[in-house]
1. Take Lys233, Lys69 and sort them by solvent-accessible surface of the protein heavy atoms, 1.4 Å probe, largest at the top.
2. Pop out the ³J(HN,Hα) list for the stretch 128-145 in order, Karplus 6.51 cos²θ - 1.76 cosθ + 1.60 with θ = phi - 60°, rounded to Hz; leave Gly and Pro as x.
3. Can you run phi through the Karplus equation (6.51, -1.76, 1.60; θ = phi - 60°) for the stretch 181-188 and list ³J(HN,Hα) in whole Hz, with x for Gly and Pro?
4. Probe radius 1.4 Å, ligands and nucleic acids ignored: give me the carbon and sulfur share of the accessible area of the stretch 268-394 as a rounded percent.
5. Gap in Å between the Cα centre of the stretch 213-238 and the Cα centre of the stretch 278-324?
6. Leaving out ligands and nucleic acids, note down the accessible area per residue over the stretch 54-134 with a 1.4 angstrom probe, in whole Å².
7. Name the residue farthest towards the positive end of the dipole of the stretch 361-438 from the options His372, Pro383, Ser429, assuming +1 on Cβ of Lys and Arg, -1 on Cβ of Asp and Glu, about the Cα centre.
8. Mind checking the per residue accessible area of the stretch 272-408 for me, 1.4 Å probe, whole number of Å²?
Amino acid sequence: MKTLILLVTLMTIAPISLSQERKFGTTTRYRKSTNSLIQWDKLDPVDYLDYDLWLNDTKLKDRWPNWEKTVREKRQKESLGKVLDCVGECRMFRGVGNYRTQFRSAVMEGDELITSSDSYAWVFLLDGTMVRLSPSSSITFREINIGVDETFIHVRINSGNILWLSRMNEKFKEVNERETDSIFLPMSYYEAMPITDKVKVVEGDLFSLLEKKKTVLKQYQRLNKLIEENNKKFKKRDTYAFLVSPNGTVAGRNLNIEFISLIGNLSYVKSRTYSQLGLDLGVEDSDKSSEASFYLRGFENKESITLTPGQWYRIGKKGREINLYQDTQLQQIGELLTKRIPSILVGRELLFEKYSTFMNEAQDADVLAYDHSYRQWGKMSDPKSDMSLRLSYLLEYTRRIETTNLLSSGRLRDKLIARGEPTDDMEYSLKFFNKALVNYMRANDDPTLEESDREVLNSVTKKYWKIINDIK
């Protein structure tokens, strides 16, 4: 009888008028969104036809007039960026499934990217931020919120060695020293690859072989040109990053942070200076960096400290203390690999121009929703805006939930030790950069020959000679 009554009621409901539609906030539509909110693939027929559940649901909706708008925004999964490149095996976990990433693999809200041993990844985020994952690392991209004047990005650094580089409007020093992160060369993004200098060699003038190629110098010049062009095309926007790790949280605008998060062990963090990034700034600004605030763990601990630029910090296992760390030999070797990365940054500028133009329309909420499928979150400077309220909530929620996780994992670790079972605590070692370092040390920097006055050999001109030579 209840089922019959419900069916009759649904058949007699009049169509919703335009005024009612606006009242319930249903005019807010995202690109590719449907008019119906019913998820037929997840629907339970018994619950759907239950009169009591329908009545309770209706009462809840009456209490919250904008319920439909809230439901649409909660279900909306926004895109954060693209995978620039992966060396080895990098797996993206989305929902209950996972897949192996490659160039231009999409990064959506809620995705978790994991690199296996001897695997590396560079990820491009839509605000221009570049994220590098070392081997045995994991990061979850929680959310991206587009504000009127700034962008808010929330991620969780689950474990491993993660480098977070915000896009800067300043140019880089144009040097001719070879690239350090050479394990990614050649990249899958061929448009970002440097053009190798070809040297004309004359047998009577072998000193020409000693001339140093200007391949990297030209790549830096190209990078600075792309930065200048993009600065003219895009409105200046800051990015407020909220980086959560088990032992602590780092937050701030335009961060350049390296995080070493070790499960069951000490962790390390460093805010890089502008000179360490290779930016071409004055002497007074070279030792500066974006201000980064570090939040400790503890249910009642609301204090934060400002990280000194260019200094490594060591974080306690329970996230209750943080101190300057001096013995940084391993960390210094790991930093070397990302000291000069012009090709990675050229790829960033090219992807930024291709995928991020919609941010110029962030001030128009309707255009942002209808055309680009993003919600507008207001201004960070407004304490009553959704952006500010979201940050305040995350500061409190993250501190409490991560503190609870640390206590629970600590108790489990104690039980494993008491039973004599392994705890699989992570330690920072060569495994986080060894393969990349070996690749850099072995990189061949010999000049490429374009022409020579010596006799032309069959191995150069004949097709089958080339095939035989390749087999050998």
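The values are calculated or read from the model by the stated rules, or taken from the named source; none is laboratory data. The structure presented is a predicted model; accordingly, all values stated were derived computationally and were not measured. Because the Cβ atoms are built from the backbone with ideal geometry, glycine has one as well, and the counts that use them run over all protein chains shown. Note: accessible area is taken over every heavy atom of the protein model, side chains too, but ligands, DNA and RNA are not part of it. Shrake-Rupley method; radii C 1.70, N 1.55, O 1.52, S 1.80 Å.
1. Working: Lys233 100, Lys69 65 Å².
Result of the area sort, largest leading: Lys233, Lys69.
2. Using θ = phi - 60°, the values come out as x, 5, 10, 10, 10, 10, 7, x, 6, 10, 9, 9, 10, 8, 6, 6, 10, 10 Hz.
3. Those phi angles translate into 8, 6, 5, 8, 9, x, 7, 5 Hz.
4. Values: 2850 of 6270 Å².
Reported share for carbon and sulfur atoms: 45 percent.
5. 29 Å
6. Details: 3750 Å² over 81 residues.
Using a 1.4 Å probe on heavy atoms only, each residue of the stretch 54-134 averages 46 Å².
7. Towards the positive end, the residue furthest out is Ser429.
8. On the way: 6930 Å² over 137 residues.
On a per-residue basis, the stretch 272-408 sits at 51 Å².
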